[in-house]
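The structure under discussion appears below in the form of structure tokens.
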Amino acid sequence: MTKMRYTIEDKIALITLDDGKMNVMNWEFFQELNDCLDRALADKASALIFTGRPGIFSAGLDLKLLPTLSSIEDQLKFQKTFASVMLRVYLFPIPTIAAYAGHSIAGGAILSYACDRFMVGDGPYKIQINEVANKMLIPSWISLICRSSIPPQHWREALLHSRAYSPREAFERGIVDDLIKEEGKVMDAAKELARDLCKLDGKAYAFTKKFMRQEEADKTFNLLEKELLTWQKNT
């Protein structure tokens with residue numbers, strides 16, 4: 001793998017995003033992430049942690065790739081791949097934790113919000129859904145994932161106004177669940193939480209999450225093509 005690493009220890013799976021650069025999301029990224037999720041299921045992991053290399057979790061979609069998607073068909077295929085992988089994380093049947101000290105922009109923030117718990121190290125980093133600021137659409141599926149993590153009183157500034165938050169600002173608004181004062185202690189805190197979550201009944205957890213989220217996830221995914229085509233016609 002060139003975009004990420006997968007390891008497992010004591011039934012806790014760990015996916016580390018690290019392409020040596022900004023961990024941007026492209027075809028290879030989504031394929032590798034799907035492969036890692038498959039491995040976590042095959043290994044019967046009881047919890048899954050996402051992290052990044054020091055200073056960066058992910059800068060989101062590969063902006064060099066997007067202009068090369070010249071046809072509507074290619075654009076739809078890529079956006080559906082993006083949606084299906086992020087929604088797979090959102091619906092993943094075991095507890096998921098995003099835990100890192102670094103920047104998390106657009107797709108990186110979406111992946112973080114798709115997890116069941118979000119913890120960050122306190123530092124000079126930025127967490128932002130910047131699509132509107134970059135003249136991009138936020139489709140219903142992204143809104144669903146973000147609104148599951150962002151408290152309602154902050155939906156407008158976080159999504160419509162593309163507000164960038166420091167880890168502390170995000171924590172103070174309830175967007176981030178846990179702020180770890182020492183950056184180097186983030187993984188220790190994540191593993192401690194994962195061990196607690198592993199004690200929950202796995203089958204009850206999986207079905208409860210499914211019943212909480214599956215119907216809305218399916219609905220928003222099915223809206224994606226219509227939303228993208230409407231967006232295309234008006235830009």
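Screening I94, I138, I145 for residues that are modelled with pLDDT of 95 or more, among the aliphatic types (A, V, I, L, M) and in contact with a strand residue (DSSP E or B) (Cβ under 7 Å, 6 or more places away or on another chain) leaves exactly one candidate, I94.
The number of residues in the range 20-37 being over 10 Å from D62 (Cβ atoms) and either open to solvent by 40 Å² or more (accessible area, probe 1.4 Å) or in contact with a helix residue (DSSP H, G or I) (Cβ under 6 Å, 6 or more places away or on another chain) (or both) comes to 7. May I ask you to list the residues in the range 134-164 that are in a helix (DSSP H, G or I) and open to solvent by 70 Å² or more (accessible area, probe 1.4 Å)? Passing the criteria: N134, R147, P152, Q153, W155, R156, L160.
For (1) assigned to a helix (DSSP H, G or I); (2) surrounded by 13 or more Cβ atoms within 10 Å (Cβ to Cβ); (3) of a type outside the set (K, R), each residue gets a yes or a no:
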| residue | (1), (2), (3) |
| --- | --- |
| L179 | no, yes, yes |
| A190 | yes, yes, yes |
| A194 | yes, yes, yes |
| K199 | no, no, no |
| Y205 | yes, yes, yes |
| K209 | yes, yes, no |
| A217 | yes, yes, yes |
| N222 | yes, no, yes |
| K226 | yes, no, no |
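Kindly indicate whether any position in the range 111-130 is among the small types (G, A, S), closer than 17 Å to I175 by Cβ and in a helix (DSSP H, G or I). Checking the range 111-130: at least one residue is among the small types (G, A, S), closer than 17 Å to I175 by Cβ and in a helix (DSSP H, G or I).
All conditions but one from (1) closer than 24 Å to S162 by Cα; (2) under 11 Å from the mean Cα position of the chain (by Cα); (3) surrounded by fewer than 23 Cβ atoms within 10 Å (Cβ to Cβ) apply to D122; the one that does not is (2). For the range 61-82, taking the residues that are free of Cβ contacts under 8 Å to residues at least 60 places away in the same chain and farther than 25 Å from K21 by Cβ, the one that is most open to solvent (accessible area, probe 1.4 Å) is identified as E73.
The values are calculated or read from the model by the stated rules, or taken from the named source; none is laboratory data. Small disclaimer: the values here were computed from a predicted structure and weren't measured. Every residue, glycine as well, gets a Cβ built from its backbone with ideal geometry; the counts of neighbours run over all protein chains shown. The protein model used for the area step is the full one, side chains on, heavy atoms only, and it has no ligands, DNA or RNA in it. Shrake-Rupley method; radii C 1.70, N 1.55, O 1.52, S 1.80 Å.
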